[in-house]
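Student: Provided herewith is a single structure, encoded as structure tokens, for subsequent inquiry.
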Ligand SMILES: C[S@@+](CC[C@H](N)C(=O)[O-])C[C@H]1O[C@@H](n2cnc3c(N)ncnc32)[C@H](O)[C@@H]1O
């Protein structure tokens, strides 16, 4: 297994689940790389919901999916992931959150603690047993540090009988490297 960064680790955690996933979410579509990853590693019948608040992000995601002939599997939603429950009522098998701002875009438009936690709160009751939520957080800048801290505070309080909550990071890197949180639902 190649251990290189938090997002790649998120992919490694979810790969064993993807072949049986019916509904998966990319909560932050961005440039579409994670959406493409989900589309490439799930069965033809899987539905992928990809959220972003920026039209530019969804444009890039659509383009990438079209280039790979996978856009038919994906529903793109121009809305905050804080409204996930307004779109989805079926069990969620995987939800990926790659926090922060759009690479190559406006760095002032970033994920925020309140909406991120709201989205996680809405996803948890819909998460299938053995389903996973991954959250890649970026504490290397102040806003990201605050957001990562808020996420940690919330998820570290989840009932251990129902959820396993883990984190992964590189421990010999300077300047607050990214942190990956992984939440697994153990039982309803
Ligand atoms: C780090 S990027 C995601 C990278 C992406 N997964 C990829 O593979 O390219 C974070 C994205 O989150 C989006 N975002 C910020 N706040 C959001 C919200 N409340 N709901 C959904 N997306 C949001 C930003 O517009 C940005 O495109």
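Derivation of every value follows stated rules applied to the coordinates shown; laboratory data play no part. For clarity, every value in this text was computed on a predicted model and none was experimentally measured. Glycine also receives a Cβ, built like all others from the backbone with ideal geometry; neighbour counts cover every protein chain displayed.
Student: Considering only residues that are surrounded by fewer than 19 Cβ atoms within 10 Å (Cβ to Cβ) and in contact (Cβ under 8 Å) with a residue 40 or more places away in the chain, look in region 127-144 and name the one that is farthest from the ligand (Cβ to nearest atom). Before you say what the answer is, go through the steps one by one.
Tutor: Initial filter on region 127-144 (surrounded by fewer than 19 Cβ atoms within 10 Å (Cβ to Cβ)): 128-130, 140-143.
Keeping just the survivors that are in contact (Cβ under 8 Å) with a residue 40 or more places away in the chain gives 128-130.
Values: 128: 22, 129: 26, 130: 23 Å.
Filtering first and then ranking leaves 129.
Student: Now for a different question. Being under 20 Å from residue 95 (Cβ atoms), in a loop (DSSP other than H, G, I, E, B) and in contact (Cβ under 8 Å) with a residue 24 or more places away in the chain is the filter; apply it to region 145-178 and report the residue that is farthest from the chain's Cα centre (by Cα).
Tutor: Going through the qualifying residues, I end up with 162.
Student: I've got another one for you. Take the residues in region 80-94 that are away from the ligand (no atom under 12 Å from the Cβ) and outside any helix (DSSP H, G or I), then tell me which one is farthest from residue 126 (Cα to Cα).
Tutor: Only one residue fits best here, namely 94.
Student: So if I check each of 65, 76, which one is in a helix (DSSP H, G or I) and either farther than 24 Å from residue 158 by Cα or within 14 Å of the chain's Cα centre (by Cα) (or both)? I'd like the intermediate steps shown before the answer.
Tutor: On the way: 76 fails: in a helix (DSSP H, G or I).
Only one candidate passes the filter, namely 65.
Student: Taking the condition within 11 Å of the ligand (Cβ to nearest atom) and crowded, with 16+ Cβ neighbours inside 10 Å, does residue 102 pass?
Tutor: It is true that residue 102 is within 11 Å of the ligand (Cβ to nearest atom) and crowded, with 16+ Cβ neighbours inside 10 Å.
Student: Which of the residues belonging to region 50-60 are in a helix (DSSP H, G or I) and either free of Cβ contacts under 8 Å to residues at least 24 places away in the same chain or in contact with a strand residue (DSSP E or B) (Cβ under 6 Å, 6 or more places away or on another chain) (or both)?
Tutor: 55, 58, 59
Student: Can you tell me how many residues in region 115-144 are assigned to a helix (DSSP H, G or I) and either in contact with a strand residue (DSSP E or B) (Cβ under 9 Å, 6 or more places away or on another chain) or over 20 Å from residue 100 (Cα atoms) (or both)?
Tutor: Adding up the residues that qualify gives 9.
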